[in-house]
Amino acid sequence: PAADTDGHSLRSVLERDAATGRDIVLVWHRHDGVDSGESGAVLDDLGPADVVRRAMQCEMRGLVSPDGWKLILSDAGECELYDLASDPGEQRNRTADPGAAPRRRALIARLRAWRDRFGDDFPLPEE
């Protein structure tokens, strides 16, 4: 990445040469102009139209930990938590799983540290 960006190259991860050992922070910005033109076919490939459109109208933050846990939070208060090692297709949201509560709290704390470090104003749950 360019020197003036908040990022690190993940090329080695994408090429499967080595793991970074770092959290990967994901940022989604609201897209208020979802059209039904050429992008409609692309949106159809992403899933049910109502789910895709709702996701595109939310602001979201997420974190993927080096040990394969993925947390996604929306500004609408939705939370998704996946253990990518055992659920790579993200079919089992573990948010309500009491056994995953410590992991969820830890990932939220790590996302909060990132948010505070970079001055992001995204609202996070108080866990």
Counting Lys +1, Arg +1, Asp -1, Glu -1, what net charge surrounds Leu84 among other residues with beta carbon under 10 Å of its beta carbon?
-3
Rounded to the nearest 0.05, FRET efficiency between Arg105 and Asp50 (Cβ-Cβ, R0 30 Å) equals 0.45
For region 75-127, state which trypsin sites (Lys or Arg not before Pro) are in a DSSP loop and have at most 14 other beta carbons lying within 10 Å of their beta carbon.
Arg92
Simple spin-label estimate for Glu78/Leu26, 7 Å along Cα→Cβ, in nm, reads 1.2
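FYI, it's all coordinate maths here, none of it is from the lab. A quick note: this is a predicted structure, and the numbers were derived from the prediction, not measured. Glycine also receives a Cβ, built like all others from the backbone with ideal geometry; neighbour counts cover every protein chain displayed.
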